[in-house]
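The values are calculated or read from the model by the stated rules, or taken from the named source; none is laboratory data. Only a predicted model underlies this, so the values are computations on that prediction, with no experimental measurement involved. Cβ placement follows ideal geometry from the backbone for every residue including glycine, while neighbour counts extend to all protein chains displayed. These area figures cover heavy atoms from the full protein model, side chains too; ligands, DNA and RNA do not enter into them. Shrake-Rupley method; radii C 1.70, N 1.55, O 1.52, S 1.80 Å.
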Amino acid sequence: MKPHTIEEIQELEAWFKSVTLPETLQIDKATCTPNLPKTVESLFEQAYICYDNPKMQGCILLLKRIKTILEK
């Protein structure tokens with residue numbers, strides 16, 4: 001997996017800031033967040049630290065999965 005750029009993280013963050021997040025979200029069968037805004041905030045904190053490390057992309061993948069769910 002290739003690392004992400006800071007610009008990609010900023011674009012993703014801009015998208016999240018442009019939408020109203022629900023309070024909770026069932027992300028998948030095994031993953032539910034009771035406080036989605038706080039979860040997204042925490043994931044972005046991680047993303048800005050780890051964006052260029054190919055072994056630490058989980059937070060970014062989770063943000064993209066959340067975005068996909070919210071776009072439906």
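Which peptide among 20-31, 48-59 comes first, and what is the full order, when sorted by highest mean count of other Cβ atoms within 10 Å?
On the way: 20-31: 10.8, 48-59: 13.8.
The most tightly packed comes first, giving 48-59, 20-31.
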### Query
By what distance, in whole Å, do the Cα atoms of the chain stretch along each of the three principal axes, largest value first?
29, 27, 21
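Which of Lys29/Lys67; Lys2/Lys67; Lys17/Lys64; Lys2/Lys29; Lys2/Lys38; Lys38/Lys64 have a Cα-Cα distance over 18 Å?
Details: Lys29/Lys67 16 Å; Lys2/Lys67 20 Å; Lys17/Lys64 14 Å; Lys2/Lys29 27 Å; Lys2/Lys38 27 Å; Lys38/Lys64 16 Å.
Pairs exceeding 18 Å: Lys2/Lys67; Lys2/Lys29; Lys2/Lys38.
For the chain, what is the accessible area per residue in Å² when the probe is 1.4 Å? Before the final figure, lay out each step's value.
Values: 4760 Å² over 72 residues.
Ligands and nucleic acids excluded, the result is 66 Å² per residue.
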### Task
Only helical DSSP H runs with n ≥ 4 go in: add -39500 (n - 2.57) per run for the chain, normalise by residue count and round the 222 nm mean residue ellipticity to 500 deg cm²/dmol.
-18500 deg cm²/dmol
## Note on the structure
Computed over the chain: longest principal axis from alpha-carbon atoms vs helix 6-17 long axis, angle to nearest 10 degrees, is 10
### Task
For region 10-72, give the percent of accessible area contributed by carbon and sulfur heavy atoms, probe 1.4 Å, rounded to a whole number.
54
